[in-house]
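**Q** Shown below is the structure under consideration.
What follows is calculated from the coordinates using simple rules that are stated; it is not laboratory data. Because the structure is a prediction, the values reported are computed rather than measured. Backbone-built Cβ (ideal geometry, glycine too); neighbour counts: all protein chains shown.
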Amino acid sequence: MPEIKTISPYDGSVVAVRPEATVSEIEACFERAQAAFEAEQALSLGKFFDREAIERRIAIASTFLDLLTADADALAKDISIQMGRPIRYCLSEITTAVARGRWQLSHAMSALSPLPGDASGGDGLRREVVKVGKGVVVVVGAWNYPWLVTINGVLPALVAGNAVILKHSPQTPLVAEAFTRMYTEAGLPQNLLQHLHIGNPALLTQNLCTSKYLTHISFTGSVDAGTAVERAVVGSNGPGGPRKGYAGVTLELGGKDGCWVRGDADVGLAAAGIVDGGMFNSGQSCCAVERVYVDAAVYDAFVAACVAEAKAYVLGDPADNATTLGPCVSRNQANLARAHIQDALARGAKALLPTHQLDNEDTNFVTPQILVDVPLAARVMTEETFGPVLPIIKVDGGDAEGVRLVNDSDFGLTASVWSKDLDGKAEEVCAQLDAGTVFLNRADYPDPSLVWTGYKLSGRGASMGGSIGFEAWVKLKSVHLKRV
């Protein structure tokens, strides 16, 4: 039986070994999920809207969040061991996941309640739109923020009344196991949440995506993998396919997020925020800052401030509280970041920091690097780097040119403007950015009260945002009731 090995990004040791799910195990998992969903639906038989059932699911989810809080320190340690983030930053992922969950739960009842129709006609009709769970859904998690990505999908899907199959990254299998275990301990009925350990992409596209029971899949990952998922789901929809219906797809994919630093920016604030936005988590964030365009008036001062910020990072053992920058998740990821740097240098760019002693072909560490004089055609300007590399471009054309350059990307997850707004035009500039989230004097921050969505190749659909975070997980039914 094939095995999945999780390898430590720091020292190459084996963190976990799990048998990979077989085709028959995947099929059996879907069958159990479908049976669990039907059992859950049977509890609300004959009701368009079952407030008590939603209250029960909210209570279970709240208990799950309590358990998550109680075990936060151990879970934080597991994050660091599996994906290499410095331990000093891992506890905040757990507390943030809990906060996101609480926010979603506070909006769950209103999100799942019926929408009243027109009552002005005096025709005796009761009109409303009700919301019901779709059925068996799949959430594909990601290793870079393994708890945050997972809770964005699994929690609202379960509260909405679905049965969930969680397929997490092979790099973070312990998260899938802990998530399922704690939700079960919280009182979730059997098989409403299951997890599968899968590393072979073919099992995802040829089996999970094509199951006749699948009604929706939420995928977080690369553009290529997300595109393969969408094609597999769409290809198995409708007449002639395994399912007699049309499963939905939500995609949260890559980013190449850009910043425009205006001539009136607070240079220190901008440098600190942008370097953190590009380097945190070793640059391995979908919404990491990966392109920086700076007005010529503040360019020199800004570059100097960024170099000072980058020099302050401490590379080392993620288990050491002194470490502020850990390794990339794998040798391949580290080598991709290095390749982007080398491509830029070969095209005439300059690297402003010396290569760190831990940054070599035998490790996953990459020097937190500032690049200048980078040609716009360089790979580091066009492809997702997913590493601690920040290319900075001088701009002479003011806001019009800065906005054009930020928007000149195949991606559109987030974008930011940095300005003291001395002319009162900063908001006007922000409004021209073509991205799912725009910031003024901030970057790299998903807010649970706001929707998380991507434009262009960064994805489709949405999570978080209170009531909006439930929309992918329900189907709508219009009801006309006339008493005679």
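**Q** So, in Å, what gap is there between the alpha-carbon centers of the stretch 43-77 and the stretch 203-262?
**A** Each part reduced to its Cα centre gives a spacing of 27 Å.
**Q** Determine which lysines satisfy two conditions relative to residue 311: a Cα distance under 30 Å, and not lying fewer than 8 residues away in the same chain.
**A** Within the straight-line limit of under 30 Å, residue 311 reaches these lysines: 77, 256, 350, 394, 420.
**Q** Is it possible to state the helix-based mean residue ellipticity at 222 nm for the chain, with each DSSP H run of 4+ residues giving -39500 (n - 2.57), the sum divided by total residues, to the nearest 500 deg cm²/dmol? What is it?
**A** -11500 deg cm²/dmol
**Q** Roughly speaking, what is the centre-to-centre gap between the stretch 294-332 and the stretch 336-372 when only Cα atoms are used, to the nearest Å?
**A** Cα centroid to Cα centroid, the span is 12 Å.
**Q** Could you state the per residue volume, in Å³, of the convex hull enclosing the Cα atoms of the chain?
**A** 161 Å³
**Q** How are the Cα pair distances of the stretch 1-48 distributed, in percent, across 10 Å bins from 0?
**A** Binned Cα distances yield the sequence 22, 24, 22, 18, 11, 2.
**Q** Report, in degrees rounded to the nearest 10, the 0 to 90 angle that the Cα long axis of helix 299-311 makes with the longest principal axis of the chain.
**A** 70 degrees
**Q** Near residue 134, which lysines are there with a Cα under 30 Å away, not counting those fewer than 8 places off in the same chain?
**A** 47, 167, 212, 244, 456, 475, 477, 482
**Q** So, one more: Excluding residue 428 itself, what net charge comes from residues whose Cβ is under 13 Å from its Cβ, given Lys and Arg +1 and Asp and Glu -1?
**A** With Lys, Arg at +1 and Asp, Glu at -1, the net is -2.
**Q** Quick one: give the max-minus-min coordinate of the C-alpha atoms of the stretch 224-267 along each principal axis, largest first, in Å.
**A** Cα extents, longest axis first: 60, 17, 9 Å.
**Q** How long is the gain from residue 118 to residue 408 if the chain were fully straight, where each residue apart is worth 0.36 nm and the alpha carbon distance is subtracted?
**A** Contour length minus Cα-Cα distance gives 99.9 nm.
**Q** Please state the equivalent ellipsoid semi-axes for the stretch 375-484: what are the square roots of 5 times the Cα gyration tensor eigenvalues, largest first, in whole Å?
**A** In descending order, the three semi-axes are 36, 18, 13 Å.
**Q** What is the distance in Å between the Cα centroid of the stretch 417-455 and that of the stretch 108-180?
**A** Comparing the Cα centres of the stretch 417-455 and the stretch 108-180, I get a distance of 28 Å.
**Q** Evaluate the stretch 277-388: find the radius of gyration of its Cα atoms, find its Kirkwood radius, and give the ratio Rg to Rh.
**A** Taking Rh as the inverse mean 1/r over Cα pairs, Rg/Rh reads 0.95.
**Q** Shifting gears a bit: Whole-Å semi-axes of the stretch 139-236's equivalent ellipsoid, largest first, each the root of 5 times a Cα gyration tensor eigenvalue?
**A** Ellipsoid half-lengths, sorted descending, are 21, 16, 11 Å.
**Q** Sticking with this structure for a sec: Which net charge results for the neighbourhood of residue 388, defined as the other residues with beta-carbon distances under 12 angstrom from its beta-carbon, given Lys and Arg at +1 and Asp and Glu at -1?
**A** Taking every Cβ under 12 Å from that of residue 388, the sum is -3.
**Q** So, one more: Write down the radius of gyration of the stretch 1-95 and its Dmax, each obtained from C-alpha positions, in Å.
**A** My reading of the Cα-based Rg and Dmax gives 19.3, 57 Å.
**Q** Given the stretch 182-266, report the % of alpha carbon pairs whose separation exceeds 20 Å.
**A** Summing the P(r) of the stretch 182-266 above 20 Å gives 51 percent of all pairs.
**Q** On a full-extension model of 0.36 nm per residue, what is the gain between residue 41 and residue 27, subtracting their alpha-carbon distance, rounded to one decimal in nm?
**A** 2.9 nm
**Q** Pull out the extension gain between residue 224 and residue 206, defined as 0.36 nm times the separation in residues minus the alpha carbon to alpha carbon distance; nm, one decimal.
**A** Result for the pair: 4.9 nm of gain on full extension.
**Q** Another question about this same structure. If contacts are Cα pairs under 8 angstrom and at least 6 residues apart, what is the relative contact order of the chain in percent?
**A** Reported relative contact order: 18 percent.
**Q** Just grab the label-to-label distance for residue 110 and residue 339, each label 7 Å out from Cα along the Cβ direction, in nm (one decimal).
**A** 4.8 nm
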